[in-house]
Amino acid sequence: MGTVTIGVSIAVPEPHGSLLQERRAGFGDAAAHGIPTHVTLLPPTEVDSSLLPAIEAHLVEVAAAGRPFPMRLSGTGTFRPLSPVVFVQVVEGAEACTWLQKQVRDASGPVARELQFPYHPHVTVAHGIDEESMDRAFEELADYEAGWPCTGFALYEQGADGVWRRLRDFAFGGSVVPPQGGHVERWGAATEVP
């Protein structure tokens, strides 16, 4: 059957996802339109395609144990000079992302793997472009803010064309989002997330 390259991530919802993707493209990042805006839980990982059903079953279990949580992005950061990346920071929800990625990569699961760098949840807005454009991304998005209730994550596959496509969504087992700004919002299957 061969191998496929997969990734697991939390999609940044609209209108934030498209806005950040357009900004990334505007900074000259040629890969921008092939990568949906996201927070990585499992980086690109090559697996035997016959393992996909087991991986999906594992992700169903991880999602069932998870609970919705507030996500908030604010300001920029960079991994330079270690890695040529500028990102928008996850300032709320980072602990939940860290817990989730550990569950996804659990040593007893089908996608156990070590990371090249310590896990740091973020949203990439520039990668591998010239230094001047990296600086511009860092400065122009320094005041960026966005927030939403995170209610699950998704499995993606990278096509031969380099484009990442969503294979399946995994909703968390809980239905209550923790308080945000002093009020509680409830999300159910019939409720549309703004």
Restricted to segment 1-32, and to residues that are touching a residue at least 24 places away in the same chain (Cβ under 8 Å) and charged (D, E, K, R), which residue is farthest from ILE55 (Cα to Cα)?
ARG23
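Does segment 107-126 hold any residues that are outside any loop (DSSP other than H, G, I, E, B) and either surrounded by fewer than 15 Cβ atoms within 10 Å (Cβ to Cβ) or β-branched (Val, Ile, Thr) (or both), and which are they?
Here is the first cut: in segment 107-126, the ones outside any loop (DSSP other than H, G, I, E, B) are 122-126.
Within segment 107-126, VAL123, THR124, VAL125 meet the criteria.
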Can you confirm whether segment 128-147 contains a residue that is buried (at least 20 other Cβ atoms within 10 Å of the Cβ) and either acidic (Asp, Glu) or closer than 24 Å to LEU42 by Cβ (or both)?
no
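Per-residue answers, yes or no, for (1) out of contact with any His (no Cβ under 7 Å at 6 or more places or on another chain); (2) among the aliphatic types (A, V, I, L, M); (3) at pLDDT 95 or above:
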{"site": "ILE55", "(1), (2), (3)": "yes, yes, yes"}
{"site": "ARG67", "(1), (2), (3)": "yes, no, no"}
{"site": "SER74", "(1), (2), (3)": "yes, no, yes"}
{"site": "SER83", "(1), (2), (3)": "yes, no, no"}
{"site": "ASP106", "(1), (2), (3)": "yes, no, no"}
{"site": "HIS120", "(1), (2), (3)": "yes, no, no"}
Here the residues within segment 152-194 that are under 24 Å from ALA57 (Cα atoms), among the polar types (S, T, N, Q) and either modelled with pLDDT under 95 or loosely packed, with under 13 Cβ neighbours inside 10 Å (or both) are SER175
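Would you mind stating whether TYR119 is in contact with a helix residue (DSSP H, G or I) (Cβ under 6 Å, 6 or more places away or on another chain) and either of a type in the set (Gly, Ala, Ser) or within 16 Å of HIS38 (Cβ to Cβ) (or both)? Full working, then the answer.
On the way: in contact with a helix residue (DSSP H, G or I) (Cβ under 6 Å, 6 or more places away or on another chain): yes; either of a type in the set (Gly, Ala, Ser) or within 16 Å of HIS38 (Cβ to Cβ) (or both): yes.
Judged against the criteria, TYR119 is a match.
Based on this model, can you work out whether GLY7 counts as more than 24 Å from GLU92 (Cα to Cα) and not hydrophobic (A, V, I, L, M, F, W, C)?
Numbers: more than 24 Å from GLU92 (Cα to Cα): no; not hydrophobic (A, V, I, L, M, F, W, C): yes.
No; evaluated as a whole, the condition is false for this residue.
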Those residues that are in contact (Cβ under 8 Å) with a residue 24 or more places away in the chain and either more than 19 Å from the chain's Cα centre (by Cα) or not in a loop (DSSP other than H, G, I, E, B) (or both), I need them from segment 148-165; list them, please.
TRP148, PRO149, CYS150, GLY152, PHE153, ALA154, LEU155, TYR156, GLU157, GLN158, ASP161, TRP164
Condition set touching a helix residue (DSSP H, G or I) at 6+ places or on another chain (Cβ under 7 Å) and small (Gly, Ala, Ser), scope segment 1-60, selection nearest to GLY173 (Cα to Cα): answer is ALA11
I'd like to check something: does segment 132-147 contain any residue that is assigned to a loop (DSSP other than H, G, I, E, B), hydrophobic (A, V, I, L, M, F, W, C), modelled with pLDDT of 95 or more and farther than 30 Å from ASP48 by Cβ?
yes
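The values are calculated or read from the model by the stated rules, or taken from the named source; none is laboratory data. Because the structure is predicted, anything quoted here is derived from the model rather than measured. Positions of Cβ are generated from backbone atoms using ideal geometry, with glycine treated the same way; all protein chains shown enter the neighbour counts.
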